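All remarks here apply to the structure that follows.
The values are calculated or read from the model by the stated rules, or taken from the named source; none is laboratory data. None of these values were measured; they are calculated from a predicted model. Cβ sites come from the backbone with ideal geometry, for glycine too, and all protein chains shown count toward neighbours. Note: areas computed on protein heavy atoms with side chains; ligands, DNA, RNA excluded. Shrake-Rupley method; radii C 1.70, N 1.55, O 1.52, S 1.80 Å.
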2 protein chains.
Amino acid sequence: MQQLITHIARFSSISPEKLDSIGDFFEARAFKKKELLLEEGQHCPDKFFIVKGCVHLFYLRQNGVEQTIDFALENWWASDFMAFQDGGTAQFSIRAIEATEVLAISAGQQRKMLSALPELNEYFHAVFQRAYAASQMRIRKTYEMSKEDLYQDFSRKYPAFLQRVPQYLMASFLGFTPEYLSEIRKKFLS
Amino acid sequence: MQQLITHIARFSSISPEKLDSIGDFFEARAFKKKELLLEEGQHCPDKFFIVKGCVHLFYLRQNGVEQTIDFALENWWASDFMAFQDGGTAQFSIRAIEATEVLAISAGQQRKMLSALPELNEYFHAVFQRAYAASQMRIRKTYEMSKEDLYQDFSRKYPAFLQRVPQYLMASFLGFTPEYLSEIRKKFLS
């Protein structure tokens with residue numbers, strides 16, 4: 001819990017002693033590499049705070065191929081937030097890329113937690129405004145940059161992250177074949 | 001203000017009488033058709049709640065062409081939220097597509113408002129979680145659908161909105177030439 005409490009303190013003014021009890025609302029879970037945290041079509045998913053590890057978000061194309069649409073790592077929140085908020089079924093899956101530890105909270109438990117500690121809304125306001133802002137920037141970049149430039153931008157900004165993600169997932173995320181990504185990587189590294 | 005208060009009541013449990021004073025933190029502004037609400041490169045922008053009207057978000061490509069990346073209409077919040085939150089310069093512009101009325105709030109005024117009424121964080125938490133969730137769905141769709149399908153999806157879901165947006169902006173948003181969008185439209189309508 002300490003890691004989440006530190007994260008909350010970073011984005012809100014809530015006093016640390018108030019956070020002593022929030023562990024009651026979360027469930028600590030561990031996933032092995034390649035294990036699913038959430039499955040497309042599943043009902044009302046949880047929301048995950050990633051304590052350690054790395055996950056990818058993907059959906060199944062009609063041809064059965066998995067399409068990676070995003071990644072999340074330590075100190076990020078991952079879920080299908082539409083399904084989480086509305087209680088619908090998940091539109092994509094989440095899978096551990098490496099051994100991953102999370103704090104999971106259901107929509108019901110979150111309601112209880114926010115009713116007991118409404119000050120936490122300040123934290124979630126900041127977190128989701130940031131996430132939405134980052135998403136605006138991502139959308140701008142998909143218009144602005146070629147896929148090759150997107151890869152180089154990624155490499156420059158998140159070199160450590162790139163070491164952790166298998167190349168075939170990065171290729172899927174960027175819409176490349178793995179072979180083409182390998183070519184670009186060579187060109188970029190040389 | 002009544003429209004914003006209604007919107008706040010829809011997404012939070014804050015008691016209406018507490019909202020009587022929030023008008024003090026906002027500035028009502030009116031923009032003519034084609035007038036800019038926010039300009040790329042400008043410092044620390046405001047956040048706008050759209051009371052009436054419709055805007056588009058765009059940036060200038062290196063060749064000088066405007067690239068539309070999003071739209072916003074009544075009851076939506078529009079801003080460069082990264083610049084709003086961090087006090088940086090805006091990475092895109094916002095322009096009125098039709099005569100538009102907004103409630104504007106600066107980052108400083110928002111801090112004062114949330115310090116006086118921390119319960120409003122519940123509202124912004126819900127609004128930004130929704131916005132981020134919608135953005136996740138948009139990103140999924142850009143992987144899943146061809147641009148033609150995206151247009152048809154848009155037409156089915158937001159027919160009234162499509163009537164309000166000039167075709168050249170919709171073409172820019174979808175990455176079409178205006179001529180090509182016109183062809184697709186004919187095909188779709190026939």
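Taking the condition at positive phi and crowded, with 17+ Cβ neighbours inside 10 Å, does B:Gly41 pass? In short, no. Specify the residue that is farthest from the other protein chains (Cβ to nearest Cβ); the eligible residues are those in region A:72-83 that are in contact (Cβ under 8 Å) with a residue 24 or more places away in the chain and open to solvent by 10 Å² or more (accessible area, probe 1.4 Å). Ranking the qualifying residues of region A:72-83, first place goes to A:Glu74. Selection over region A:10-23 of residues that are part of a helix (DSSP H, G or I) and over 20 Å from the mean Cα position of the chain (by Cα) gives a count of 8. Taking every residue in region A:152-177 that is over 15 Å from A:Asp70 (Cα atoms) and free of Cβ contacts under 8 Å to residues at least 24 places away in the same chain and pairing it with any residue that is open to solvent by 20 Å² or more (accessible area, probe 1.4 Å) and outside any helix (DSSP H, G or I), at least 6 positions away or on another chain, the pairs with Cβ-Cβ distances below 8 Å are A:Asp153/A:Met145.
State yes or no: is B:Gln152 open to solvent by less than 20 Å² (accessible area, probe 1.4 Å), touching a helix residue (DSSP H, G or I) at 6+ places or on another chain (Cβ under 9 Å) and assigned to a helix (DSSP H, G or I)? Spelling it out, it is not the case that B:Gln152 is open to solvent by less than 20 Å² (accessible area, probe 1.4 Å), touching a helix residue (DSSP H, G or I) at 6+ places or on another chain (Cβ under 9 Å) and assigned to a helix (DSSP H, G or I). Put simply, of B:Glu98, B:Glu17, B:Glu66, B:Glu35 the only residue that is of a type in the set (D, E, K, R) and free of Cβ contacts under 8 Å to residues at least 60 places away in the same chain is B:Glu17. Would region B:24-44 turn up any residue that is touching a strand residue (DSSP E or B) at 6+ places or on another chain (Cβ under 9 Å), modelled with pLDDT under 95 and in a strand (DSSP E or B)? Among the residues of region B:24-44, at least one is touching a strand residue (DSSP E or B) at 6+ places or on another chain (Cβ under 9 Å), modelled with pLDDT under 95 and in a strand (DSSP E or B), which makes the answer yes. Report yes if A:Leu103 is assigned by TED's automatic domain parsing to the domain that holds A:Cys54 and either among the β-branched types (Val, Ile, Thr) or more than 28 Å from B:Lys47 (Cβ to Cβ) (or both), otherwise no. Yes; evaluated as a whole, the condition is true for this residue. Taking region A:155-190 as the range and being hydrophobic (A, V, I, L, M, F, W, C) and open to solvent by 40 Å² or more (accessible area, probe 1.4 Å) as the test, the residues that pass are A:Ala160, A:Phe188, A:Leu189. Might you let me know whether region B:7-27 holds any residue that is more than 28 Å from A:Leu117 (Cα to Cα) and open to solvent by 10 Å² or more (accessible area, probe 1.4 Å)? There is at least one residue in region B:7-27 that is more than 28 Å from A:Leu117 (Cα to Cα) and open to solvent by 10 Å² or more (accessible area, probe 1.4 Å). B:Ile139: of a type in the set (Val, Ile, Thr), closer than 30 Å to B:Ser15 by Cβ and in contact with a helix residue (DSSP H, G or I) (Cβ under 8 Å, 6 or more places away or on another chain), yes or no? Here the answer is no, as B:Ile139 does not meet what is asked. Select from region A:84-94 the residues that are surrounded by fewer than 18 Cβ atoms within 10 Å (Cβ to Cβ) and part of a loop (DSSP other than H, G, I, E, B) and write down the one among them that is nearest to the other protein chains (Cβ to nearest Cβ). Restricting to residues being surrounded by fewer than 18 Cβ atoms within 10 Å (Cβ to Cβ) and part of a loop (DSSP other than H, G, I, E, B), the top hit is A:Gly88. When the criteria are applied in full, B:Asn63 fails the requirement of being part of a loop (DSSP other than H, G, I, E, B), assigned by TED's automatic domain parsing to the domain that holds B:Ala131 and at pLDDT 95 or above. Looking only at residues in region B:37-71 that are among the aromatic types (Phe, Trp, Tyr) and more than 10 Å from chain A (Cβ to nearest Cβ), the one that is nearest to B:His7 (Cα to Cα) is B:Phe49. Across region B:52-68, the number of residues qualifying as in contact with a Leu (Cβ under 7 Å, 6 or more places away or on another chain) and surrounded by fewer than 19 Cβ atoms within 10 Å (Cβ to Cβ) comes to 1.
Applying the criterion of being open to solvent by 10 Å² or more (accessible area, probe 1.4 Å) and in a strand (DSSP E or B) to the residues of region A:95-134, the residue that is nearest to the other protein chains (Cβ to nearest Cβ) is A:Arg95.
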